[in-house]
Structures are given as C-alpha cells and as structure tokens.
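In what follows, a structure is listed as structure tokens, so that the remarks can point back to it.
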Amino acid sequence: MRDKPWIFRTYAGHSTAKASNALYRENLSRGQTGLSVAFDLPTQTGYDSDDPRARGEVGKVGVPVSHLGDMRTLFDGIPLGTMNTSMTINATAPWLLALYIAVADETGVARKDLAGTTQNDIIKEYLSRGTYIYPPKPSLKLTADTIAFTYRELPKWNPVNVCSYHLQEAGATPLQEIAYALAAATAILDEVKRSGQVPEADLGRVYGRISFFVNAGIRFVTEMCKMRAFTELWDEIGRTRYGVTNEKDLLFRYGVQVNSLGLSEQQPENNVYRILLEMLAVTLSKNARARSVQLPAWNEALGLPRPWDQQWSLRAQQILALETDLLEFGDLFDGSPVINAKVEELKREALAELAHIDQMGGAIKAVETGYIKERLVESNASRVAAIESGDQTVVGVNAYKESAEPGLAGGASAVVTVDASAERGQIERLHIWRKQRDAKKVDATLDALRRAAAEGRNIMEPSIACAKAGVTTGEWAGALRATFGEFRAPTGVAAEPRLSNDEAIGALREKAKAVAKRLGRAPMLLVAKPGLDGHSNGAEQIAYRARDCGFAVSYDGIRLTPAEIAKAAKEKKPHVIGLSILSGSHKELVAEVMRELKAAGLEGTPVIVGGIVPPEDEAALKALGVTRIYTPKDFDLNAIMGDMLEVAETKH
C-alpha cells in the first residue's frame, strides 16, 4: 500500500498582503498542499511599517502584516478550515496567531478546525536568526501561553516548531543541531510545567503537539542518520523525562527546509542538485520521514526567487513523491549496521552535550552566558576555514570553477525585486486603518493586555481581543516591551580569539603589526548590522577572523540604527567600518549610514559592505562612497582581511 506523501510547501511572502495572497493561490493551484508564510522583518520584530526602524525593510524578506486588515487580505479566498498553514514567526508569534484566529472567528471557521504551526521557538532566535525582542524568561512565558491556549482551543495546531534549521545555518554540526534543539524543547516543556497552566495528566497531549523544523545539508547520509537519532531520542526523552506513554504523542513530527547556507552564488545552477540530494535525507527513511517539506529555490543566493523558481522546487518534491516508488516500501535502512552505528554515535554525543547544558542550568542559562552562541560561531569558523583551504569541496566555488556560458537567466531578471512603492502603499494603508478604528476600544484592549502580562496571566485571549479591536503589530509589541523590557543577545565573538596556527593567518598578523606601526595603534574594525536583519553569521565570521588576524574589533551585534553606528564610530575611531546587510535593504540603509557618518564628521572613514548585493546595485553603493563590496561569492576570508588591511593603511 502506498503511503500518503508529505505536505508540499514553499516558503513565500513579499511586498504586500495582496501580492502574497495572489502568490499563495497560484502556488496552491500548482499542487502545493500547505502554506508556509514568510513575514517581513518589521512584523517579526514587532514594529509597524511606518516605524523609523522599519524604513527600507517593509516587504523585503516577507509579507508585512500590521493589523487584522492585512491578515484578512493575506488569506482572502483561502479556506482556513481545511488549509495547513505554517507561520515562521517567533517573538510576535502570539500576536500573529491571534490575528489568524480573529480572521477564522469572523469568517465562521471553528477554532478546533484550524491546522498549522507557529514556529514560536524563541531560544534559537537568540542564537541564530535574531528576531527576538524580550529577555529570555518572559519570552519563554509567552511561548508557554500559546501552548496552554492552543492545546485546549486549537487541538490540531502545533504551537511550537522547535527550529534547528537556523542552528545549522549558523554553523551547528549534526550533534549540536540535535543537542541544542532538544535543549530548547525541554526548556519549553519545563516552562509549561512550571506555569501550572496545563494539568499533569494533559502533559502528554502537549508533548504530542510539539513539532520540529530541521535542516538537511549536503552530507545526506549523515543527515538521514541525524533524523533517525532525533526520532529515537525524542521518544526516549518523552518516556523518561516527562512520563509520556501514548505512542502517538511520542512521535517525532517534523518539517524541513533543506540547507540554504550551502547554496552558491557561483554557478547557481548547481544548487538544483544540492537541493534534490538534501531532500533525500528527510524522505528516504520511512521511520524518520518529514511530515512537510519546503525547498529553497536554486537562485536564493542571488535574491528573492520568482514564482517559476519556486515551482521548479515544488516539482522536485512532486516527482519524488508521486512518480517514484519510494512511498511503496517500508524503511530501507532498518537493520543496517552502518546506519545503526552512525545513529548511536550521534545519540551518544548529543546526549553528552545535552547533559552538559542541563548541568549549566538549562538552555536559557546557556544562551545568557553565551555558551551555545560561542560554540556555533566556532563551528561555523571551522566550516568556512575548510572551504577556504579546499578540505571541504564545493563544486563551482573552490573546485571546478571554470564554466560554460550559463543557460539560465542571471542578473536582475533572475530574481524578484520589491519596489519601493510597496512600502509607501503599506504605510498609506496603515494610516487609513488607524483613522478608521475605534480608538477607545484600542486603548481598552491594550490596557487589558498590559495588565495580563504584568500579572502573569495568559495573554492569548487579550491578544485576540486586541486583534479584533484593530490594534497594530507595533502597538501590541510595544505594550509588552513596556512590561518586559528588551534584550541584546551575546554575539558569540569572544573578546580574546583562539589564535589559529594557519600559515596564511600568521602572515596576515605580521602585516597587521606592520600596519599598526604606521598607524600608531592596531588597525581598528567596526563591524555593524544596520536595520532589522538578524542573520549575523557573516558579520560574526568577519569579526572572528579579523581578531585572529590582528585587528582590534568592535562588534555589538544586530539591529543597530544608522545613528547608533555613527555614534559608535565616533567613540571607537575605527580605521574601517564594515556593514553587513542580508535583507535586500542595502541601498536604503547604506545611504542612511553614510548620511549619519557625514553629520558626525566621519565621512573620511572607509566603509565596506557585505551582503546579498546584486551586481547592478554595486555602482549605486560606490556612488554613496562605499570602498569595497563583498557578496557570498567572496568566500576567501583571508583575502578580505588583506583587503581591509590595505584599506586601513591607504585611507589613513
């Protein structure tokens, strides 16, 4: 008998709710069986589209949702009662879920029929993706609130999608991915128990609604073993730590997006094969098969994919599931001594790391001390060094670099570019929304939300009331900011680097010493991330390597305003300022930073930019005064270090 295929998804959303709705309906018509919603950075970090911090970021990496009207438009014509909707949202997860429920309520869809997932894994946001708002403890309380609410009101909903995907993107090895994800899951479950919102007898039901979202890299045999190890460990933890006995509740239920970190800007057509091979890791083994799969597009290292690019990835899933005989067989790897040995090795090593984190006081303590973040930065540094040295082959990047003329379109026509008018239109609609709502209802519901948060009560029903009254995303998040405060996570870039014995790095250290003699002090690099983009891997690796090479480095983490960057530059007096921007907002943000530097009298300080910068944008950035531009194709960090030393020396 043939098994049912997994849910086919593509991660999508951009520009406006209306444009994203059209994209969803188009994708569904092509055979997609579930939705995966990408929200823009202001929505993810709790700002309205007209907030100064949102400038240039609206609609860039996802859809802006500022209020109930946007959510209505986003799901217009989509049957919520039968759709399976995944929302990649974390710090503002209770709010986006409240908006979704409000739309269901007003369209007559019973809450018990809503099926889907809110990612809602705030712990990994402190470690990799960076869209956190509040400190860890109140953030974990919000996660517990959504769990306690949904297991009663939305029994088909997965309130948490413990997300190891971004841990691997930040450099996690397979054993680290397993250990840190399970540490996050147990921290969440322990908080639910502590909160007293779920009776002990119902904990198994809660355990059964915890889902995972994993990554699958190119080493697909090891990745498949990782998934078998995950499955077995989740069963063991449920039985031994939480007393779960129901077999269905013990199932390891996970979705996946295969690895985006390994997609190359050079010879991007090679990414098609990488994506397909990585999908095998999460589909071949029946006993560890994904419940849903979403694949990146071949050209994501270049920019935002087009509908055709997303369709190509969808077709890969459909061909594997519907044309091959994969789903006609049982597990192909049961009894294999090779597979069993690797699974046992991963389990043993992951359990040892998990025990170490438990001894530290759990996942929150390991986040607050910077322990996990530092391990991730170190692992990623090892990965980058292996690619630089050639120990890890990446075809088209560090091997077989010569290529025939590509047959696929490149340049601006190969990706979607979000027009600036999308942001202006979103802001205009937001202003109209505010004028048309009942201000007294807004104030009353926000006051009720603040009281619930301050008194430690569940915030879901007050949030739904806010949604129905017309409260905006920024107002909801602002009310909780006033109650809980905000947080800055450790960067993972240790003040004292672990010096490498690499010969090339040693030569760069000597060059840095010579430059220091001429400058009168060590060459100073200020690394900064303007805007709301929290993907900090590139900035961390630049800071990490620069310290190893003899730079004095200042890196204060993510989400700095241009004014804050200029202030830091005035205080630190760097020889080079490095800006990292991966959200596609480089033109707007670099222009603002340059204006602030000029106002501070620092227009002579050289600025370099790293990020996903299309070739056609490079001239505009250089016209603003940018000295160097680096994109994902520039994988040789030592070459970048040499460039920066030359810039520091010649520009001062």
| task | Largest first and to the nearest Å, give the Cα extent of the stretch 526-627 along each principal axis. | result | 33, 29, 22
| query | Percent relative contact order of the stretch 209-260, based on C-alpha pairs within less than 8 angstrom and at least six residues apart? | reply | 61 percent
| query | What is the P(r) of the stretch 1-131, as percent of Cα-Cα pairs per 10 Å bin from 0? | reply | 13, 44, 33, 9, 1, 0
| task | List the relative contact order of the chain as a percent without decimals, with contacts defined as Cα pairs under 8 Å and 6+ residues apart. | result | 16 percent
| field | the stretch 1-158, relative contact order [Cα under 8 Å, separation at least 6], % | value | 21 percent
| Along principal axes, Cα extents of the stretch 370-473, largest first, whole Å | 66, 42, 17
| note | Using the Kirkwood formula on alpha carbons, the hydrodynamic radius of the stretch 259-298 in angstrom works out to 10.9 Å
| Counting only protein heavy atoms and using a 1.4 Å probe, what share of the accessible area of the chain belongs to carbon plus sulfur, as a whole percent? | 53 percent
| Cβ charges +1 (Lys, Arg) and -1 (Asp, Glu), total dipole of the chain, debye | 1220 debye
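Rounded to two decimals, what ratio of Rg to Rh does the stretch 448-559 give with C-alpha atoms and a Kirkwood Rh?
Value, to two decimals: 1.26.
Can you check what the Kirkwood hydrodynamic radius comes to for the chain, Cα pairs only, in Å to one decimal?
On the way: mean 1/r = 0.0393 Å⁻¹.
Hydrodynamic radius (Kirkwood, Cα only) of the chain equals 25.5 Å.
Can you check what the Kirkwood hydrodynamic radius comes to for the stretch 201-345, Cα pairs only, in Å to one decimal?
16.5 Å
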| field | Reach of residue 193 by Cα under 30 Å, taken over lysines that are not fewer than 8 positions away in the same chain | value | 112, 124, 137, 141, 156, 226, 248, 347, 365, 373
| said: Could you work out [θ]222 nm for the chain from helices alone, using -39500 (n - 2.57) per DSSP H run of at least four and dividing by all its residues? Round to the nearest 500 deg cm²/dmol. | reply: -15500 deg cm²/dmol
| Across 10 Å bins from 0, what is the distribution of all Cα-Cα pair distances for the stretch 312-372, in whole percents? | 18, 21, 21, 26, 14
| request: Calculate, for the chain, the solvent-accessible area per residue in square angstrom, rolling a 1.4 angstrom probe over the heavy atoms of the protein chains. | output: 39 Å²
| Using the alpha carbon gyration tensor of the stretch 518-570, what are the three equivalent-ellipsoid semi-axes (square root of 5 times each eigenvalue), largest first, in whole Å? | 21, 15, 5
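The values are calculated or read from the model by the stated rules, or taken from the named source; none is laboratory data. Only a predicted model underlies this, so the values are computations on that prediction, with no experimental measurement involved. Virtual Cβ from ideal backbone geometry, glycine too; neighbours counted across all protein chains shown. Ligands, DNA and RNA are stripped out before the accessible areas are found, and what is left, the full protein with its side chains, is counted by its heavy atoms. Shrake-Rupley method; radii C 1.70, N 1.55, O 1.52, S 1.80 Å.
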